[in-house]
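Structure record follows, encoded as structure tokens.
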């Protein structure tokens with residue numbers, strides 16, 4: 001009895017951190033939407049990766065940790081950067097020039113579903129139970145409801161933006177599978193390394209294509225960029241690593257569907273966005289699908305904590 005009471009406050013803190021993590025990641029879509037109004041997508045993401053990577057590097061230094069120096073590990077960081085930041089973040093930033101932040105949040109939240117599908121196709125170590133099958137079907141139905149209606153309506157630019165967001169989600173799924181190879185490192189190292197590799201790719205592209213010294217971004221966009229890099233990337237990664245260590249799989253899965261209503265609500269509250277009736281149905285399908293894919297993992301983590 002005493003042990004249970006002593007664990008409850010600690011678990012409460014971790015769950016609060018989990019909610020904060022979902023809020024920070026859900027808010028990233030609003031920050032991106034505000035940022036791309038006056039900052040080109042490539043430059044926005046180049047600055048995001050550079051600022052966040054340097055912050056994480058500073059955090060590692062403060063913890064007395066050092067980055068690995070072997071070329072093989074840095075090649076893996078580079079590949080991880082392409083899957084986790086360079087391609088998906090740029091696609092999402094480009095998409096949000098025409099796509100509402102709420103819709104981007106919904107479409108991008110299906111990464112656990114795509115991760116499961118890719119895992120099943122590549123490693124085949126996941127069992128296809130009724131719950132997971134329902135999750136895949138419900139999540140895909142939600143995407144089809146949102147993207148399919150836009151396709152039939154002939155909204156070319158928005159349809160392309162929605163497809164780009166789904167492709168970004170596929171990249172996240174591939175990155176989640178590939179990241180399992182970093183088990184021997186402190187989790188902050190691949191995060192910082194991949195972000196710095198992403199910056200090494202995107203900063204030269206930004207300099208060549210956007211010529212950022214010629215831009216005149218608004219203060220709103222600059223503040224959104226700083227919030228995106230500091231809070232939704234660097235701070236979020238630090239919280240993420242803490243939650244993974246204390247709550248296990250809850251930290252890697254529960255935020256995926258917690259951030260959907262949070263991201264949509266932020267878009268409605270701060271950007272004045274509205275969802276169509278079809279998008280609301282799609283939202284419900286996506287939340288149900290991702291929850292079905294992740295609830296078993298949450299239960300397993302809860303059993304581990306109580307044992």
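All of the numbers you see were taken from the coordinates with simple rules; none came from a lab. The structure displayed is predicted, hence computed values, not measured ones. Virtual Cβ from ideal backbone geometry, glycine too; neighbours counted across all protein chains shown.
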Starting from the 7 Å offset along Cα-to-Cβ, what nm value, one decimal, do you get for the label separation of residue 167 and residue 211? 2.7 nm
Label residue 186 and residue 97 with points 7 Å out from Cα along Cα→Cβ: what is the distance between them in nm? 4.0 nm
